[in-house]
1. Would you mind getting the Kirkwood hydrodynamic radius of the chain from its Cα pairs, rounded to one decimal in Å?
2. Find how much the distance from Glu294 to Arg2 grows on full extension, using 0.36 nm per residue of separation minus their present alpha carbon separation; answer in nm with one decimal.
3. Quick one: net charge around Lys109, please, counting Lys, Arg +1 and Asp, Glu -1 for every other residue with C-beta under 10 Å from its C-beta.
4. Cut-off 10 angstrom, C-alpha nodes, Gaussian network model of the chain. Which of Lys40, Lys31, Lys184 fluctuates the most?
5. Amide H neighbours of Thr194 under 5 Å, counting only residues 5+ apart in sequence or on other chains, H built in-plane at 1.01 Å?
6. Tally Lys/Arg at +1 and Asp/Glu at -1 over every other residue whose Cβ is under 12 Å from the Cβ of Arg175; what's the total?
7. Counting other Cβ atoms within 10 Å of each Cβ, which chymotrypsin sites (Phe, Trp or Tyr not before Pro) in the stretch 135-239 have at most 10 and sit in a DSSP loop?
8. Tell me, what is the percent relative contact order of the stretch 1-148, built from C-alpha pairs under 8 Å that lie six or more residues apart?
Amino acid sequence: MREVSIIGAGLVPFGKYPEKTLADIAWPAVKQAVEDSGLKKTEIEAAYCGTALGGMMAGQRILKKLGITGLPIINIENACSSSSTAFREAWISVAAGVYDSVLVIGVEKLTKFGGGTLPLEKEDWEVSHGLVMPALYAMRARRYMHEYGLTEDQLAKVSVKARKHGGLNPDAQFRTPVTIEEVKNARPVADPMTLFHCCPSGDGAAAVVICSAEKARQHTTNPVRVLGSEINSGKYMTGFRDMTSAEITVRGAKQLYEEAGIGPEDVDLAEVHDAFAIAELLYYEALGFCARGEAAKMLEDGD
């Protein structure tokens, strides 16, 4: 397998764009990524587009806007990991020598579904009994509180921290700070979570250009080397499932650290999935940044 590097990236501000199509949202990010890479459009050999709810032929619709046609375009749906999966598949294709230069797109347009939870299969047994995502994560939060003494104030601090950091990011959907009391007193969603513990529906897109290390050296003196990428799925769920452990992430992190030749102590920056406030704390622990039950203390200590 060859070394692979990222040589271009693009991002659009996240928000609500009901008047725009999926392609309208995504093409500026793709344009930025290609221009940032220094490659000509004709040098892009394939494209991988990750979107959970973007519909059929999302990648084709986006790239047609930019005149990038006639190349293999692979559309990938894998729920919240759609774009990560697209990146992994693109990385494998370059590492294996199938392509030298590949474009990866991640895009969603969720405002078309209105507010509330995203559409799920009502025929699904768990969904029909009310086990939608907010309910599932509320159960995890309540169990974590029981097991480790997490307080409502500590859980609220996750949202407070996220909003504070969002204020520093011009592309963030929310840039207005909130207080602990505002989080706790927001509209209830699923006990113990309120509206401000939950992610919003929004629209946005990002894109990167990846290529072989040899080709990267032809276009930049500062490529970002990809050390590894892993993907997993959950095991069969039983009544004995530990709701306070992100078991999939524990397995994936172990595999990825071994693949990359590093450990959690070597990580300077981590961007974790935080669709709900409790999820962020669970993933601190699953990634090995702290011991089980110590995520809230890590957050409060500023670590």
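Derivation of every value follows stated rules applied to the coordinates shown; laboratory data play no part. Values in this document were obtained by computation on a predicted structure and should not be read as measured data. As a convention, Cβ positions derive from the backbone with ideal geometry for all residues, glycine included, and neighbour counts pool all protein chains shown.
1. Result for the chain, one decimal place: 20.8 Å.
2. Working: separation 292, 0.36 × 292 = 105.12 nm, distance 3.86 nm.
Roughly 101.3 nm would be gained on extension.
3. Values: positive: Lys16, Lys20, Lys112; negative: Asp24, Glu108, Asp203.
So the surrounding residues net to 0.
4. Highest fluctuation among the options: Lys40.
5. Val189
6. Within the 12 Å Cβ shell, the charges total +1.
7. Values: sites: Tyr137, Tyr144, Tyr148, Phe174, Phe196, Tyr236; in loops: Phe174, Tyr236.
Passing both the DSSP loop test and the Cβ count: Tyr236.
8. Values: 204 pairs, mean separation 37.3, N = 148.
The value is 25 percent.
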